[in-house]
Amino acid sequence: MYHAVRTFAKGVPWNLFLLTVGCGLFALGVKAIAIPHEFISGGVFGTALLLHYTTGLFSPAVWNVLLNVPIFLAGWLFVGRRFFFYSLYGLAVVSVATQYLHVAIPITDPILAGIAAGCICGLGLGIVLHSLGCDGGLTIISIALHQRYGIAIGQFSLIYNITLFVLAFSLYSPDNALYSLIMIFVYSKVMDSVSTIFNQRKMVLVISPRHEAIRQDILNQLHRGTTLLSACGGFTGEQRPVLLTVVHNYQIKMLEEVIFRHDEHAFVIIENTLNVLGKGFSCVRHYD
């Protein structure tokens, strides 16, 4: 079952579906809300919007394609072919949808518009992050620089966006730039939530003399793996194992029942995890 799900997640139809929906939603948020209010997003598409507003030449979609041409030429050399072609498709979806999608969501308040655009764009980008590609632009540059020079992906993105908004404040309307920051803040939070919604798990540490019985029930009833860690009691100095396991969120109550059925005095620590990679959980994302 695990191998079937993993194979499906790597399949072309599923990744094209994620890129189509995700990039389409991002384009909808930009075209229907951000552009009518003259907001700018981050990254290369934000640069395209800024050039559109300040020069009046070309549409944001055309600017986006022009800016991405040298990026994809460099990406052909420094990123994997599979990631390159998926990202090329994502760029095409964003650009075509932004150019030909004629829809406007009538929100007059700029703060509400920034929040709404952030929610829609963040939902789209979060879906894109579940695929094996991206929407082009800054992600390709960041990955290429990381692979060639070891520069952190997030660090380069932060520097780029800071530079972009410094230019926006100096060349453009400060009010619209501030409203744009609201949009970017919202879509960053939504994007993070959507991208990790299926990856968050609970890491559980159990200290109990009945650890062997608890371990067997976790294996047989919850069908989750366990690890015994060697530990020493800080007060007694006694050697005792600590049982470590990682479960899905919906299994927490079942795990608690298993633990306290065997030992009502067990010491249990439950922590959120950002992501879990490995058999039974998420797959490692490769850019080749």
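The values are calculated or read from the model by the stated rules, or taken from the named source; none is laboratory data. If you're wondering where the values come from, they're calculated on a predicted model, not measured in any experiment. Cβ: placed from backbone, ideal geometry, glycine included. Neighbour counts: every protein chain shown.
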query: Does segment 220-230 contain any residue that is over 20 Å from ILE269 (Cα atoms), out of contact with any Lys or Arg (no Cβ under 9 Å at 6 or more places or on another chain), free of Cβ contacts under 8 Å to residues at least 12 places away in the same chain and polar (S, T, N, Q)?
result: yes
field: helices (runs of 4 or more DSSP H) fully within segment 20-131 counting 1 or more residues that are more than 21 Å from VAL166 (Cα to Cα) and under 20 Å from the mean Cα position of the chain (by Cα)
entry: 81-100, 110-128
query: Within the group LEU123, LEU158, which residue is at pLDDT 90 or above and surrounded by 12 or more Cβ atoms within 10 Å (Cβ to Cβ)?
result: LEU123
statement: The correct count of residues that are touching a helix residue (DSSP H, G or I) at 6+ places or on another chain (Cβ under 6 Å) and either hydroxyl-bearing (Ser, Thr, Tyr) or in a helix (DSSP H, G or I) (or both) in segment 232-253 is 2
field: segment 230-247, subset hydroxyl-bearing (Ser, Thr, Tyr) and under 19 Å from ARG215 (Cβ atoms), residue nearest to the chain's Cα centre (by Cα)
entry: THR245
- request: For PHE198, state whether it is at pLDDT 80 or above, of a type in the set (Phe, Trp, Tyr) and surrounded by fewer than 16 Cβ atoms within 10 Å (Cβ to Cβ).
  value: no
- prompt: Residues in segment 245-256: is at least one closer than 30 Å to ALA116 by Cα, surrounded by fewer than 14 Cβ atoms within 10 Å (Cβ to Cβ) and in the same structural domain as ALA117 (by TED's automatic domain parsing)?
  reply: no
- prompt: Out of segment 53-112, which residues are buried (at least 18 other Cβ atoms within 10 Å of the Cβ), over 21 Å from PRO36 (Cβ atoms) and of a type in the set (Gly, Ala, Ser)?
  reply: GLY75, SER87, GLY90
query: Here is a list of conditions, (1) crowded, with 18+ Cβ neighbours inside 10 Å; (2) in the same structural domain as VAL21 (by TED's automatic domain parsing); (3) farther than 25 Å from ALA74 by Cβ; (4) at pLDDT 90 or above, and LEU164 meets all of them except one; can you say which number that is?
result: (3)
task: Scan segment 31-47 residue by residue and report those that are in contact with a Gly (Cβ under 9 Å, 6 or more places away or on another chain) and either at pLDDT 95 or above or more than 21 Å from SER87 (Cα to Cα) (or both).
output: ILE33, ALA34, HIS37, PHE39, ILE40
